[in-house]
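The values are calculated or read from the model by the stated rules, or taken from the named source; none is laboratory data. Everything numeric here is computed off the predicted structure, so don't read it as measured data. Every residue, glycine as well, gets a Cβ built from its backbone with ideal geometry; the counts of neighbours run over all protein chains shown.
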Amino acid sequence: MQEKSTIANDFNQKGSEFLRIEVETGLTFANIALDEEPGSEERIRNQANALKAYQTVLRLRDRVENAGEETNRRIQNGLDQLKSILERLGEKLN
C-alpha cells in the first residue's frame, strides 16, 4: 500500500506543477496577444494558445488532489487573471 500512496503523492505533486506552469504559459500568450494588432495572425494564434491553456487547467485541476493551499491559491489567481485577459481579448467565458 505504501507504493500506491507514493505514486499518488508524486502524481499530485507533478500535476500541480503542470497546472501552475500551464497557467503561467497561458498568461504569457494572453499578454503577448494584448500587444498585437487586433485581427493579426499573431494575436489570433496567441489568443488561441492562451485559451487552450485556460481550458486545459479547468479540465484537469479536479484530478489533482492535495496540491496544497498555497499552490491552489496561485493556480486560481492565475486562472482569474487569465480569464480576465481572455475576456478583454473578446472571449466569452463562463
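The single condition among (1) over 30 Å from Ile7 (Cβ atoms); (2) surrounded by 15 or more Cβ atoms within 10 Å (Cβ to Cβ); (3) touching a Phe, Trp or Tyr at 6+ places or on another chain (Cβ under 9 Å) that Leu79 does not satisfy is (1). Criterion first (assigned to a helix (DSSP H, G or I), in contact with a helix residue (DSSP H, G or I) (Cβ under 6 Å, 6 or more places away or on another chain) and closer than 15 Å to Ser84 by Cβ) does Leu27 satisfy it? Yes, satisfied. Checking each residue of region 62-70 against the condition of being surrounded by 20 or more Cβ atoms within 10 Å (Cβ to Cβ), in contact (Cβ under 8 Å) with a residue 40 or more places away in the chain and among the small types (Gly, Ala, Ser) gives no match. Residues that are among the polar types (S, T, N, Q) and over 15 Å from the mean Cα position of the chain (by Cα) within region 24-39 are absent altogether.
Conditions tested, residue by residue: (1) surrounded by 15 or more Cβ atoms within 10 Å (Cβ to Cβ); (2) assigned to a helix (DSSP H, G or I); (3) of a type outside the set (Ser, Thr, Tyr).
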| residue | (1), (2), (3) |
| --- | --- |
| Thr6 | no, yes, no |
| Arg20 | yes, yes, yes |
| Ile44 | no, yes, yes |
| Leu86 | yes, yes, yes |
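Quick check on Lys92: is it surrounded by 11 or more Cβ atoms within 10 Å (Cβ to Cβ), of a type in the set (Lys, Arg) and either in a loop (DSSP other than H, G, I, E, B) or at pLDDT 95 or above (or both)? No.
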